[in-house]
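Student: Below you'll find the structure I mean.
The values are calculated or read from the model by the stated rules, or taken from the named source; none is laboratory data. Just so it is clear, the structure is predicted and the values come from calculations on it, not from any experiment. Please note: Cβ atoms are built from the backbone with ideal geometry, for glycine as well, and neighbour counts cover all protein chains shown. Just so you know, the surface numbers come from the protein's heavy atoms only, side chains and all, with ligands and any DNA or RNA stripped out. Shrake-Rupley method; radii C 1.70, N 1.55, O 1.52, S 1.80 Å.
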Amino acid sequence: MAMADVTVLGAGIFGLSVAWACVQRGARVRVIDPHGPGAGSSGGIVGALAPHVPEQWNDKKAFQFDSLMMAGDFWAGVQAASGLSTGYARLGRLQPVADGAALELARARALSAADLWQGQAVWEVLRADDCGPWVPASPGGWVIRDTLTARLHPRMACAALVAALRARGAEVVADHAHQGAVVHATGVAGLAEIGAQVGRSFGNGVKGQAALLALDMREAPQLFVDTVHVVPHADGTVAIGSTSERDYDDPASTDRQLDQVIARARAAVPALRDAVILERWAGVRPRSRSRAPVLGVHPVFKDQFIANGGFKIGFGMAPKVAQVMADLVLNGVDRIPTDFRPEASL
Ligand SMILES: Cc1cc2nc3c(=O)[nH]c(=O)nc-3n(C[C@H](O)[C@H](O)[C@H](O)COP(=O)(O)OP(=O)(O)OC[C@H]3O[C@@H](n4cnc5c(N)ncnc54)[C@H](O)[C@@H]3O)c2cc1C
């Protein structure tokens with residue numbers, strides 16, 4: 001490539017997705033990451049693309065809803081350009097209902113979902129007996145089913161994005177001079193860099209641990225049970241996550257806290273009881289001070305841009321993050337919700 005129109009720093013899900021949206025609009029793009037694609041929190045195994053509960057609607061929930069609705073086309077495009085599977089499928093999610101109060105809440109949410117999800121997805125309360133043996137038992141025998149939740153495999157998705165970018169002439173490299181518009185999508189390191197520049201915290205890393213088990217449930221919906229996400233993947237594995245740790249010594253190690261998450265999942269889901277553990281993984285999520293994504297003009301380097309703060313939902317947000325960032329960087333069109341602006345974390 002002679003000259004890049006856009007340089008993206010960081011080859012996690014935010015950087016790669018922004019790069020992909022820019023490439024699709026005809027820009028010449030170079031992604032730079034000294035540690036390689038998926039080296040940060042995006043190199044994991046969970047990949048639940050799950051909605052917020054359908055109530056108390058706000059910009060963040062509306063943005064996330066749009067992004068989840070865009071995900072099917074987004075990931076199909078990546079797969080077509082790369083020839084690689086991303087592991088994406090919208091198979092929904094089941095959540096056992098704990099008690100009478102939860103049942104009442106779930107039914108109220110079914111009504112608000114009908115309105116807020118505009119008929120594009122369903123949130124309903126069903127008898128668990130009607131949902132097959134994959135569903136955990138619950139006291140009253142009720143389960144919430146939603147058809148908006150999807151999954152992908154984070155590592156497969158990152159690898160497919162890199163291949164799609166290269167197939168369209170973009171570069172993904174470890175080092176290069178910056179050219180054109182510069183987008184910082186550097187995750188936890190980027191939040192720390194801004195904090196150091198402005199002299200106070202702009203966000204921090206929140207560690208998470210997850211496990212991958214050998215069980216082929218690839219057509220089954222994911223489960224949310226006893227605070228654990230159980231995500232059947234396309235490759236015959238099931239991911240279980242996650243812990244949430246603000247204080248930690250080693251960002252990459254796993255420990256007893258993960259053992260407890262696995263134990264809770266095994267206790268709730270009979271099919272997981274004897275499944276072999278294939279991998280234990282930990283990563284550090286970029287959490288901005290506002291807890292929301294941070295998108296727009298970079299708060300320190302004012303002639304550059306930022307896409308950070310994916311926190312626990314970076315994969316779910318990526319398609320729409322990519323769209324609004326490409327609008328801003330390439331066309332100067334700003335469709336970023338107020339809550340997502342860097343100022344919200346300053
Ligand atoms: C255990 C766990 C489970 C999760 N589960 C889910 C889930 O189910 N669903 C979901 O949507 N999200 C989930 N997440 C959150 C999701 O992984 C993150 O939101 C997402 O990975 C953030 O992506 P990112 O691109 O902003 O950051 P990262 O993936 O951390 O990428 C930042 C990149 O920047 C690079 N970098 C750093 N400094 C520089 C520099 N100076 N120049 C260039 N590059 C640099 C790093 O090497 C890194 O590759 C989970 C996270 C964890 C840890």
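Student: Which one is farthest from the chain's Cα centre (by Cα), of the residues in the range 25-66 that are under 25 Å from Val333 (Cα atoms), charged (D, E, K, R) and surrounded by fewer than 21 Cβ atoms within 10 Å (Cβ to Cβ)?
Tutor: Among them, the one singled out is Arg28.
Student: Failed condition for Gly83, given (1) out of contact with any His (no Cβ under 6 Å at 6 or more places or on another chain); (2) open to solvent by less than 60 Å² (accessible area, probe 1.4 Å), with all others met?
Tutor: (2)
Student: Output yes when any residue across the range 88-105 is free of Cβ contacts under 8 Å to residues at least 40 places away in the same chain, open to solvent by 10 Å² or more (accessible area, probe 1.4 Å) and assigned to a loop (DSSP other than H, G, I, E, B), and no when none is.
Tutor: Looking for residues that are free of Cβ contacts under 8 Å to residues at least 40 places away in the same chain, open to solvent by 10 Å² or more (accessible area, probe 1.4 Å) and assigned to a loop (DSSP other than H, G, I, E, B), one finds none in the range 88-105, hence no.
Student: Looking at the range 264-273, is at least one residue surrounded by 15 or more Cβ atoms within 10 Å (Cβ to Cβ) and either within 10 Å of the ligand (Cβ to nearest atom) or under 26 Å from Gly10 (Cβ atoms) (or both)?
Tutor: So far as the range 264-273 goes, no, none of its residues is surrounded by 15 or more Cβ atoms within 10 Å (Cβ to Cβ) and either within 10 Å of the ligand (Cβ to nearest atom) or under 26 Å from Gly10 (Cβ atoms) (or both).
Student: Follow-up question, since we're still on this one. Within the range 8-48, work out how many residues are more than 6 Å from the ligand (Cβ to nearest atom), of a type in the set (A, V, I, L, M) and over 14 Å from Gly190 (Cβ atoms).
Tutor: 8
Student: Given the condition in a loop (DSSP other than H, G, I, E, B) and within 13 Å of the ligand (Cβ to nearest atom), answer yes or no: does some residue in the range 274-292 qualify?
Tutor: Yes.
Student: Looking only at the range 118-149, which residues are open to solvent by 50 Å² or more (accessible area, probe 1.4 Å), among the polar types (S, T, N, Q) and touching a residue at least 40 places away in the same chain (Cβ under 8 Å)?
Tutor: Gln120
Student: Would you say Arg273 is within 22 Å of the chain's Cα centre (by Cα) and modelled with pLDDT of 95 or more?
Tutor: Considered against the rule, which asks whether it is within 22 Å of the chain's Cα centre (by Cα) and modelled with pLDDT of 95 or more, Arg273 comes out as no.
Student: For the range 77-87, enumerate the residues that are farther than 25 Å from Gln120 by Cβ and in a loop (DSSP other than H, G, I, E, B).
Tutor: Gly83, Leu84, listed by residue number.
Student: Let me ask something else. Mind checking which residues of the range 150-166 are closer than 24 Å to Ser67 by Cβ and either more than 13 Å from the ligand (Cβ to nearest atom) or open to solvent by 20 Å² or more (accessible area, probe 1.4 Å) (or both)?
Tutor: Arg155, Met156, Ala159, Ala160, Ala163, Ala164, Leu165
Student: Just a yes or no: is a residue in the range 316-338 outside any helix (DSSP H, G or I), in contact with a Ser or Thr (Cβ under 6 Å, 6 or more places away or on another chain) and within 21 Å of Gly208 (Cα to Cα)?
Tutor: Within the range 316-338, not a single residue is outside any helix (DSSP H, G or I), in contact with a Ser or Thr (Cβ under 6 Å, 6 or more places away or on another chain) and within 21 Å of Gly208 (Cα to Cα).
Student: Next up: For the range 297-309, check the following and say yes or no: at least one residue is assigned to a loop (DSSP other than H, G, I, E, B), open to solvent by less than 20 Å² (accessible area, probe 1.4 Å) and in contact with a Pro (Cβ under 6 Å, 6 or more places away or on another chain).
Tutor: yes
Student: Please indicate, with yes or no, whether at least one residue in the range 246-257 is touching a residue at least 40 places away in the same chain (Cβ under 8 Å), touching a strand residue (DSSP E or B) at 6+ places or on another chain (Cβ under 9 Å) and surrounded by 20 or more Cβ atoms within 10 Å (Cβ to Cβ).
Tutor: No, every residue in the range 246-257 fails to be touching a residue at least 40 places away in the same chain (Cβ under 8 Å), touching a strand residue (DSSP E or B) at 6+ places or on another chain (Cβ under 9 Å) and surrounded by 20 or more Cβ atoms within 10 Å (Cβ to Cβ).
Student: For Gln56, only one of the following conditions fails: (1) among the polar types (S, T, N, Q); (2) outside any loop (DSSP other than H, G, I, E, B); (3) out of contact with any Leu (no Cβ under 8 Å at 6 or more places or on another chain). What is its number?
Tutor: So Gln56 meets the others, but not (2).
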